[in-house]
Amino acid sequence: MFARRRFAVLKNLLEYVGIEPGRLHFSWISSAEAEKFQKTVAAVTEAVKALGPAQHMIKDIRKVA
Amino acid sequence: MEAIAQKIREAAKRLLSEGKVDVVIGYAKGSVPMREYPYFAYTPEEAENLTWTSFCCNNLALYTIRRPGRMAVVAQGCVSRNLVNLINENQFKREDLYVIGVNSPGMVDRRKVQALFPGKTITEVIEEPEHLLVKGQGFEQRIERKKFLRSNCLTCVQRNPVISDEMIGEKGPEGHGGNIDNVAAPWEKLIPAERWAELQETLKDCIRCYACRDACPLCYCHVCFVDEAQPQWCGKTQDEADVATFHILRAFHCAGRCTDCGACESACPQGIKMRRLTSKIEKDIRELYGYRPGMEIGATPPMSLFRPNDPQDFIK
């Protein structure tokens, strides 16, 4: 319940700085909810695939080393 | 301003000579103009060095952390809010603190003043009630004070201290008239790609000196996440990923605590506007949880609290 507040602020902040909506997902799944877990993972994978590879927050070690 | 400074010195001398406090934390004149710095007066003689000008931009609440003994702090609105924050976060007891309250007239941004005189060195700034007299070699100009305020001072809503044991001078108006909602979170109207470009543009000059963190009265962890080596949460390079990680996380650590005092921007040697990030969180906390940090002793910080009906549309 505390985490809900923190994640709400964090999600807003990350999307505010330009992380695409749809790349960041939150879900509430109990260890007894195998089916929900499976469905959620499938939905997340699909959403992220649709966005394509991440363009931001990638560190190119050849540039900085 | 000088009349207030004189009264601050008198109050500090009285407190120190009566033995009421061990130290008075205030501002002293900087070695260069427009750079007033935090000053610690331990004796009545040292209290002579205290001052109060348009350039008292550091947040003195920072220096109360892990300081033994009784201390007096010169506090305008934002500093007093951060003191309340620290009391609420159990950093010290209210009894150990003596607040010398001052109404803030809004502090002046030295960069805005310097921008008027490109390539010239300002050697002296004289305070007048509504103006500043800026002097340098071969030039002298009187400027209107309120046109050069720091941007956070323009949208301030709490210029009088929220707690004070003694008020220096009169209480003044609470705000300057600027509306924070008009300027907070400036990138909200952009599309994601533009937001990221704006973030990069904002942070491109960052040299990772951590002055923003060091000046911030919220940052008092024994080991900061950027300094930790095992595990290393944040890389130490100038790469955009590392720089962005630092700034995003620094801002996030201030969630529900930031009073928009502007000490980070004033401390930055590169002039980075990190309030573009913190103002978004400040706005979210205000809109989602109806909380303004540091307004009341005993208030529970919003990130240490929950309500059954908190917004949760984002959880699938």
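In the stretch B:292-302, is there at least one residue being among the β-branched types (Val, Ile, Thr), surrounded by 17 or more Cβ atoms within 10 Å (Cβ to Cβ) and touching a residue at least 12 places away in the same chain (Cβ under 8 Å)? The answer is no; no qualifying residue exists.
Per this entry, B:Glu124 is not counted among residues that are in contact with a Pro (Cβ under 8 Å, 6 or more places away or on another chain), open to solvent by 30 Å² or more (accessible area, probe 1.4 Å) and either basic (Lys, Arg) or within 28 Å of B:Pro293 (Cα to Cα) (or both). Restrict the check to the stretch B:185-199 and report whether at least one residue is over 30 Å from A:Leu51 (Cβ atoms) and not β-branched (Val, Ile, Thr). The answer is no, given that none of the residues of the stretch B:185-199 is over 30 Å from A:Leu51 (Cβ atoms) and not β-branched (Val, Ile, Thr). Determine if the stretch A:25-39 includes at least one residue that is among the acidic types (Asp, Glu) and over 11 Å from the mean Cα position of the chain (by Cα). Looking for residues that are among the acidic types (Asp, Glu) and over 11 Å from the mean Cα position of the chain (by Cα), one finds at least one in the stretch A:25-39, hence yes.
Of the strands (runs of 3 or more DSSP E) lying entirely inside the stretch B:43-161, the ones with 3 or more residues being in contact with a helix residue (DSSP H, G or I) (Cβ under 9 Å, 6 or more places away or on another chain) and in contact (Cβ under 8 Å) with a residue 24 or more places away in the chain are found at B:71-75, B:97-102, B:122-127.
The lone criterion from (1) within 23 Å of the chain's Cα centre (by Cα); (2) assigned to a loop (DSSP other than H, G, I, E, B); (3) of a type in the set (A, V, I, L, M, F, W, C) left unmet by B:Val21 is number (1). For the residues B:Arg150, B:Arg142, B:Arg195, the requirement of being away from every other protein chain (no Cβ under 14 Å), open to solvent by less than 80 Å² (accessible area, probe 1.4 Å) and not acidic (Asp, Glu) singles out B:Arg150.
Scanning the stretch B:168-189 for residues that are surrounded by 15 or more Cβ atoms within 10 Å (Cβ to Cβ) and outside any loop (DSSP other than H, G, I, E, B) yields a count of 3. For the stretch B:211-225, filtering for residues that are without any contact (Cβ under 8 Å) to a residue 24 or more places away in the chain and surrounded by 15 or more Cβ atoms within 10 Å (Cβ to Cβ) leaves 1. In the stretch B:257-287, the qualifying residues are those that are open to solvent by 60 Å² or more (accessible area, probe 1.4 Å) and more than 20 Å from B:Tyr37 (Cβ to Cβ), and the one that is farthest from the chain's Cα centre (by Cα) is B:Glu287.
Inside the stretch B:1-42, residues that are open to solvent by less than 50 Å² (accessible area, probe 1.4 Å) and either among the β-branched types (Val, Ile, Thr) or closer than 23 Å to B:Asp109 by Cα (or both) make up a count of 16.
If only residues of the stretch A:1-43 that are at the interface with chain B (Cβ under 7 Å from one of its Cβ atoms) and hydroxyl-bearing (Ser, Thr, Tyr) are counted, the one that is nearest to B:Ile248 (Cα to Cα) is A:Tyr16.
The number of residues in the stretch A:44-65 that are more than 7 Å from chain B (Cβ to nearest Cβ), open to solvent by 50 Å² or more (accessible area, probe 1.4 Å) and over 14 Å from B:Lys316 (Cβ atoms) comes to 8. Of the residues that sit in the stretch B:221-270 and are within 14 Å of another protein chain (Cβ to nearest Cβ) and of a type in the set (Gly, Ala, Ser), which one is farthest from B:Arg208 (Cα to Cα)? Per the stated criteria, the residue is B:Gly256. In the set (1) in contact (Cβ under 8 Å) with a residue 40 or more places away in the chain; (2) charged (D, E, K, R); (3) within 13 Å of chain A (Cβ to nearest Cβ); (4) over 30 Å from A:Arg62 (Cβ atoms), B:Asp313 fails one condition alone, (1).
Go through the residues of the stretch B:204-214 one by one and say whether even a single one is under 30 Å from A:Gly22 (Cβ atoms) and more than 12 Å from every other protein chain (Cβ to nearest Cβ). First the steps, then the outcome.
First pass over the stretch B:204-214, keeping only residues under 30 Å from A:Gly22 (Cβ atoms): B:204, B:206.
Adding the requirement that they be more than 12 Å from every other protein chain (Cβ to nearest Cβ) leaves B:204, B:206.
Yes, the conditions are met somewhere in the stretch B:204-214.
The values are calculated or read from the model by the stated rules, or taken from the named source; none is laboratory data. Fair warning: this is a prediction, and the values are worked out from it, not measured in the lab. Every residue, glycine as well, gets a Cβ built from its backbone with ideal geometry; the counts of neighbours run over all protein chains shown. Ligands, DNA and RNA are stripped out before the accessible areas are found, and what is left, the full protein with its side chains, is counted by its heavy atoms. Shrake-Rupley method; radii C 1.70, N 1.55, O 1.52, S 1.80 Å.
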